[in-house]
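Here is the structure we will look at, set down as C-alpha cells.
Each reported figure results from applying straightforward, stated rules to the coordinates on display, with no laboratory input. This is a predicted model, so every value here is computed, not measured. Cβ placement follows ideal geometry from the backbone for every residue including glycine, while neighbour counts extend to all protein chains displayed.
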Amino acid sequence: MGHDFTWKKEKLKSRKRIERVFKEGKSFSLFPFRVYFLLETPAPASLPPVTPAAPPASTTTLNPSLVPNRGATPPPRGPLQAGFGATRRNFKKAVDRNRIKRLSREGYRLQKEPLLRKLQEKGLTMAVFFIYTGRELPDYPTVTEKIGVALHKLIKEIR
C-alpha cells in the first residue's frame, strides 16, 4: 500500500461529531494551536434494518436507484478525521483565516501517516480539530513544525 496523501475523505464535516469533539473530547495547547481530539473504539456493525413483508405481486416494483434512501446509516468514515479553524477575533479578514487553515491542512496532510498507522494498528478512530490561536499570520515552516509536534503528541495519547 502506497502513501495516501489525500485529504477530502478525512475532512471532519459532521456537525454532531464536531460538537462531540469539543464536548466529550480532550484538548491540549501547543502554541500557536489548541488541539481538541476524541479517541473512540468504532461501534460494531449494527444489525441490518428489518424490512417489511414483500409487497403483493400486483404492485409495480420501483427502481431502487430512484427511491430515496431514508434512514440510511451514514457512509463509513476513516479511522482519522480532522478539522481546522482560525479565530475571527484575531484575524478579521477571511483571506487570512483561509490561508492559516490551508497551511495547517497541508502540514497535517504531509505528516498524518504515523498517526493513521497507529490508529489502524489499534483498531481505533480519532476526530481531531486544530484551532490556530496565535495573533500573527504564521509562515509555513512554523505551522508544519507545530502540526508535526501535535501529531506526535496525539500518537502518545493512543498508547
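Residues whose amide H comes within less than 5 Å of that of L80, counting only those at least five positions distant or on another chain, are M126 (H built at 1.01 Å from N in the peptide plane).
Its Kirkwood hydrodynamic radius, worked out from the mean inverse distance over all distinct Cα pairs, puts segment 85-159 at 13.2 Å. Of the residues I131, I158, I147, the one with the fewest other Cβ atoms within 10 Å heads the list, and the complete ranking is I158, I131, I147. Close amide H partners of N90, meaning residues 5 or more places away or on another chain with modelled amide H under 5 Å apart, do not exist here. Protection proxy ranking for 107-114, 36-43, using the average of other Cβ atoms within 10 Å per residue and placing the highest first: 107-114, 36-43. FRET efficiency for the pair L39 and K93, taken as 1/(1 + (r/R0)^6) with r the Cβ-Cβ distance and R0 = 30 Å, rounds to 0.30.
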